[in-house]
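Worksheet: the structure to be examined is printed underneath.
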Amino acid sequence: MIEVKKLIKDFGKLKVLKGIDVHIKKGEVVVVIGPSGSGKSTFLRCLNLLEEPTGGEVIFEGKKINDKKTDVDLLRQNIGMVFQQFNLFPHMTVLENITLAPVKLKKASKEEAQKIAVDLLNQVGLEDKAGAYPNQLSGGQKQRIAIVRALAMSPDVMLFDEPTSSLDPEMVGEVLEVMRELARDEMTMIVVTHEMGFAREVGTRLMFMDDGKIVEEGIPKEVFDNPRHRRTRDFLRKVL
Amino acid sequence: MNFSFLPKYYNFFIIGAKNTVLLAIFTVILGVVLGVFLALMKISRNKILNFVSTAYIEVIRGTPLLVQIFIIYYGLPAIGINFPAPAFLGEYGEEFVAGIVALSINSGAYVAEIIRSGIQSVDKGQMEASRSLGLSYNSTMRHIIIPQALKNILPALGNEFIVVIKESSIVSVIGIHELMYNANTVRGNTFIPLEPLLIAAAIYFVLTFTLSKFLGIAERRMRVSD
């Protein structure tokens, strides 16, 4: 589904990604871990071109996307993204946040989009918040809404950029639960996170990144229990 | 205090105030339209648009409004650019249009800077979230960024509207019969130096004070989502 070949990203002189190769298949839940500054978020953001790769290829559903000819907007309709800071639109109600893109991009009529939104809100237990503004919600609620907003476009893959890192500890669980649910429904997911429990339980593959490279990858349980590289061992010792 | 001129001349003030309001309304609308375009040009990645907008804003802000008005009213017709005189603006339509053009060109530069700062004050995560849903740059600007920017800048923009009402008095120099011009006419006709000007000042104050109250209400309304 997503094939990344020799992906390189520089910010000026700073080399952030130094050649990433990975092939992600439909239905996989790939969890990306690693120390801060290792390039995890940048890697994720290259997948929907929020960052433009400096070199290499990103192939999504058979098409090379880091190409001048790509219709970036069309591509992004199929790639949902959830941010650390939620980034809900504060001047719109929850329902408007969710229906804006499907309606404007003519994926659904207003009525259809609202129905989909209400269904999704039901699934995350926030049906009573449809008319609320984001500032009236807790962090955990905001992030669940942000997930719903991305899902309303019925994307083929969901990218999560540290979705629980700015939440109060007691709210982490409710967001992870929604993500677990998604994984159960066989959504393809790429998750950058520091939640090692989630990585071990829900991930079908774990990628450990350090210094712009994938140092080690494999089945989460195996990597956690038997890290092969010293840098993985050092990192896991610090976080576990 | 001698207000004995009022029964005879009150109409001068009413017509003057009406023309001042008309000038201000046209100027504010055109100034904001111009300002939005200049602001979008200034934040665009296109170097040419960027340069044009920056140069425009710097030149307009760096030269006196009076000079700009004279250039537009006396200078442009000299090189063959004449202003239309729409009937609904009455006898001095041509002056009126020149005045509106000059004030709008001037106000646009200030509005542009206000809007640019407003747009840049919106968290960049908003742009990313909207783009990641597949919305284009333009519709993100329209539906996400500009509505939030406008809310942020409403106080500054309101201040600019008040400035426009006050500064519009300067176009009296090209013979537009707005409030200042008419007050001056009354002063000349009656040989009463002070009171007509006090009346004019009072009317200006009522206009700006009312506007500032309305803006206060609008601001509170828009704060619903904060």
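The values are calculated or read from the model by the stated rules, or taken from the named source; none is laboratory data. Since this is a predicted model, take the numbers as computed values, not measurements. Here the Cβ is made from the backbone with ideal geometry for all residues, glycine too, and neighbour counts use every protein chain on show.
Summary table
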item: Selected residue (only one of A:Val157, A:Val148 is on the phi < 0 side of the Ramachandran plot, modelled with pLDDT of 95 or more and in contact with a Leu (Cβ under 7 Å, 6 or more places away or on another chain)); result: A:Val148
item: Qualifying residue in the stretch B:70-93 (condition: over 30 Å from B:Met127 (Cα atoms), within 15 Å of the chain's Cα centre (by Cα), in contact (Cβ under 8 Å) with a residue 24 or more places away in the chain and assigned to a helix (DSSP H, G or I)); result: no
item: Every residue from the stretch A:53-77 that is without any contact (Cβ under 8 Å) to a residue 24 or more places away in the chain and more than 14 Å from every other protein chain (Cβ to nearest Cβ); result: A:Gly62, A:Lys63, A:Lys64, A:Asn66, A:Asp67, A:Lys68, A:Lys69
item: A:Thr99 vs. criteria of a type in the set (Ser, Thr, Tyr) and more than 9 Å from every other protein chain (Cβ to nearest Cβ); result: yes
item: Sole exception among (1) within 13 Å of chain A (Cβ to nearest Cβ); (2) surrounded by fewer than 18 Cβ atoms within 10 Å (Cβ to Cβ); (3) in contact with a Phe, Trp or Tyr (Cβ under 8 Å, 6 or more places away or on another chain); (4) of a type in the set (Gly, Ala, Ser) for B:Gly175, by number; result: (1)
item: Residue that is within 14 Å of chain B (Cβ to nearest Cβ) and outside any loop (DSSP other than H, G, I, E, B), where the choices are A:Leu44, A:Leu17; result: A:Leu44
item: The listed residue being surrounded by fewer than 18 Cβ atoms within 10 Å (Cβ to Cβ), closer than 23 Å to B:Leu65 by Cα and out of contact with any His (no Cβ under 7 Å at 6 or more places or on another chain), out of B:Asn159, B:Asn189, B:Asn138, B:Asn182; result: B:Asn159
item: Residue ID - modelled with the lowest pLDDT, chosen from residues in the stretch B:126-176 that are among the β-branched types (Val, Ile, Thr) and more than 18 Å from the chain's Cα centre (by Cα); result: B:Ile146
item: Index of the failed condition, A:Gly80 passing every other in (1) facing another protein chain (nearest Cβ under 9 Å); (2) in contact (Cβ under 8 Å) with a residue 12 or more places away in the chain; (3) assigned to a helix (DSSP H, G or I); result: (3)
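Here is a yes/no grid of residues against (1) polar (S, T, N, Q); (2) surrounded by fewer than 18 Cβ atoms within 10 Å (Cβ to Cβ):
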site	(1), (2)
A:Thr164	yes, no
A:Val172	no, no
A:Val191	no, no
A:Glu195	no, no
A:Arg205	no, no
A:Glu217	no, yes
A:His229	no, yes
